[in-house]
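Visitor: Sharing a structure with you now.
The values are calculated or read from the model by the stated rules, or taken from the named source; none is laboratory data. Since this is a predicted model, take the numbers as computed values, not measurements. When we count neighbours, we look across all protein chains shown, and the Cβ atoms used for this are built from the backbone with ideal geometry, even at glycine.
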Amino acid sequence: MKKVVGVIPLYDEIRECCWMLPGYLKMLEEQGAVPVILPLTIDQEELDFFLESCQGFLLTGGQDVSPEIYHEKLTENRGAVCKERDEMEAYVLKEAVQRNLSTLGICRGLQFMNACYGGTLYQDLPTERPGGIDHHMAPPYDRIAHRVDILAGTPLFDVLGKKRIGVNSYHHQAIRRLSEKFRPMAYSEDGLVEAIYMPEHRFVAGVQWHPEFSYKKDENSARLIKAFADSL
């Protein structure tokens with residue numbers, strides 16, 4: 001029987017609608033999983049239905065994570081936030097972890113995981129931590145923007161068997177202080193945490209790059225999604 005993955009919806013504040021990038025769904029389907037887009041809701045009874053029905057969850061990209069989550073004030077350069085999504089995602093994530101359900105965070109998903117468990121974020125990398133690497137690449141997004149160094153002995157190293165890989169990159173927020181609940185798996189060339197995992201769990205991990213854009217061309221992205229699907 002195929003395993004079901006609950007996918008956090010993207011939200012368009014201008015059109016006031018939920019939407020989805022097809023890559024998130026197709027990369028799961030190619031690994032034999034059935035993706036289901038969750039409704040944008042803070043109704044816990046409704047969310048419990050999906051927590052009981054799904055074997056794993058994918059935390060997608062999207063709006064900035066509200067700094068209220070990690071008890072900081074908004075800065076001038078932060079982007080749009082969706083408080084309803086933040087509240088919904090916090091409930092789904094913590095319940096999924098409690099139930100030992102596999103969970104993968106991508107870009108905002110990684111950032112949200114960290115913030116939800118007590119870590120902090122750079123609200124705007126270009127102004128708060130300027131460096132030589134462009135973390136906000138122009139399209140096409142299925143090409144390498146920079147390299148990351150993978151730590152030996154981590155789940156990511158076990159999956160890929162490599163100490164350094166090339167990744168795409170499209171973000172302006174990033175982990176500032178890593179949550180005590182997570183361990184790093186990879187760092188960018190300028191020292192940012194690019195991948196994390198929660199020890200003693202079957203699969204609770206996040207990456208800063210975007211496998212939903214690169215999984216067809218990049219074997220490392222495909223292997224990551226396969227590892228997630230195999231853990232369900």
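Visitor: Restricting the search to the stretch 196-220, which residues are over 22 Å from Arg143 (Cβ atoms) and outside any loop (DSSP other than H, G, I, E, B)?
Guide: Those that are over 22 Å from Arg143 (Cβ atoms) and outside any loop (DSSP other than H, G, I, E, B): Ile196, Tyr197, Val204, Ala205.
Results for (1) assigned to a loop (DSSP other than H, G, I, E, B); (2) out of contact with any Lys or Arg (no Cβ under 9 Å at 6 or more places or on another chain); (3) aromatic (Phe, Trp, Tyr), shown as yes or no for each residue.
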position	(1), (2), (3)
Gly118	yes, no, no
Asp149	no, no, no
Asp158	no, yes, no
Tyr187	no, yes, yes
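Visitor: Find all pairs meeting these conditions: Cβ atoms under 8 angstrom apart; at least six residues apart or on different chains; first residue within the stretch 195-207 and farther than 17 Å from Ile106 by Cα; second residue basic (Lys, Arg).
Guide: Short answer, once both residue conditions are applied: Pro199/Arg183.
Visitor: Could you tell me which residue of the stretch 157-187 is surrounded by the fewest Cβ atoms within 10 Å (Cβ to Cβ), considering only residues that are of a type in the set (Val, Ile, Thr) and farther than 27 Å from Gln63 by Cβ?
Guide: The selected residue is Val159.
Visitor: Take Asp134 and decide whether it is of a type outside the set (Gly, Ala, Ser), assigned to a loop (DSSP other than H, G, I, E, B), touching a residue at least 24 places away in the same chain (Cβ under 8 Å) and within 20 Å of Lys226 (Cβ to Cβ).
Guide: no
Visitor: Same structure, new question: Pairs only if they're at least six apart or on different chains, beta carbon under 7 angstrom, first in the stretch 83-103 and free of Cβ contacts under 8 Å to residues at least 60 places away in the same chain and more than 14 Å from Ser53 (Cα to Cα), second β-branched (Val, Ile, Thr) and part of a helix (DSSP H, G or I); list them, first residue then second.
Guide: Going by the 7 Å Cβ cut-off, the qualifying pairs are Asp86/Ile69.
Visitor: Cβ contacts < 7 Å: first residue surrounded by fewer than 17 Cβ atoms within 10 Å (Cβ to Cβ) and of a type in the set (Ser, Thr, Tyr), restricted to the stretch 36-57; second residue outside any helix (DSSP H, G or I) and modelled with pLDDT of 95 or more, any location; separation 6+ or different chain. Result?
Guide: Going by the 7 Å Cβ cut-off, the qualifying pairs are Ser53/Val4.
Visitor: Quick check, is Pro211 under 19 Å from Ser102 (Cβ atoms) and without any contact (Cβ under 8 Å) to a residue 24 or more places away in the chain?
Guide: When the stated conditions are applied, Pro211 does not pass them.
One line per residue, one yes/no per condition, for (1) in contact with a helix residue (DSSP H, G or I) (Cβ under 8 Å, 6 or more places away or on another chain); (2) modelled with pLDDT of 95 or more; (3) over 19 Å from Leu38 (Cβ atoms):
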{"position": "Phe50", "(1), (2), (3)": "yes, yes, no"}
{"position": "Asp64", "(1), (2), (3)": "yes, yes, yes"}
{"position": "His71", "(1), (2), (3)": "no, no, yes"}
{"position": "Glu89", "(1), (2), (3)": "yes, yes, no"}
{"position": "Ala96", "(1), (2), (3)": "yes, yes, no"}
{"position": "Met113", "(1), (2), (3)": "yes, yes, no"}
{"position": "Arg147", "(1), (2), (3)": "no, yes, yes"}
